[in-house]
Amino acid sequence: MDVTELSHLIESFGKDVYGFCYKLTRDKHQADDLYQETFLRATELCHKIDNAQNPKGFLIAIAANTWKNQKRKFGWRHNIAKIVAFQDDFNNASHMIDTTTPELVALTNELHTMIDMASESLNDKLKIPLYMYYTVGLSVEDIASSLKIPTGTVKSRLYKARKIIKEYMEVNGYEGF
C-alpha cells in the first residue's frame, strides 16, 4: 500500500477513527493527538495494511494500542509527579437528538450523559470493544481480528460491559434498560 492509498483510507475511515479516539480520550485535544499519532503509525505500517482484510479494523487497532501505550506512559509519569488535570467544558453536540419537546431533549441528554459516565468507568478491556462495536460499527469478528482475541472473548466482553452499564443505569433510576 502506498501513500495515495493511505490517503484514501483517511478519507474513508477518518471520521470513524476520530470518533473512536474522542470516545477513548473524552477530550478534543487528546483526541486530535491520538488521531494524528494513529495515522502517523499507519504511515509507518502501510506495508502491512491489506484492503481486503478490514483496513478500518486495522486503523482502530492502531488507535487502541496507541491509547494503551499513552495511558501506560502517563501512569508512570503520574507516579513520579502528580499532574492536575484541566477539565475542558467541551460538550459533544452529537448527543442532541431532535425531539418534539424540551423535556424530551433534556431527558435524552441526561440519558446519554449517564450512559457515557457508565461506559467511561469501565476498564479498557471492556471499554475498547464496546466503543469499537457501537462507535465505529465494527462487527464482532472484525473486533476480534483487530484486537487479536477470540470472537467469544469479544462477545463476553460486550456482554459484561452492557451488564455493568445496565446495572449502573438501574441504580441511578433508569429501569427500562
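Size of the dipole of segment 92-177 about the Cα centre, Lys and Arg at +1 and Asp and Glu at -1 on the beta carbon, nothing else charged, in debye to 20?
580
Counting other C-beta atoms within 10 Å, which of Met114, Met132 has the fewest, and how do the rest follow?
Starting with the residue having the fewest Cβ neighbours, the order is Met114, Met132.
Loop only by DSSP, 15 or fewer other Cβ within 10 Å of the Cβ. Give me the trypsin sites (Lys or Arg not before Pro) in segment 18-75 that pass, ordered by residue number.
Taking segment 18-75 and a limit of 15 other Cβ atoms within 10 Å, the loop trypsin sites (Lys or Arg not before Pro) found are Arg26.
No lab work stands behind these numbers, since they all come straight from the coordinates. The shown structure was predicted, so the numbers you read here are calculated from the model rather than taken from an experiment. FYI the Cβ positions are ideal-geometry reconstructions off the backbone, even for glycines, and counts take in every protein chain you see.
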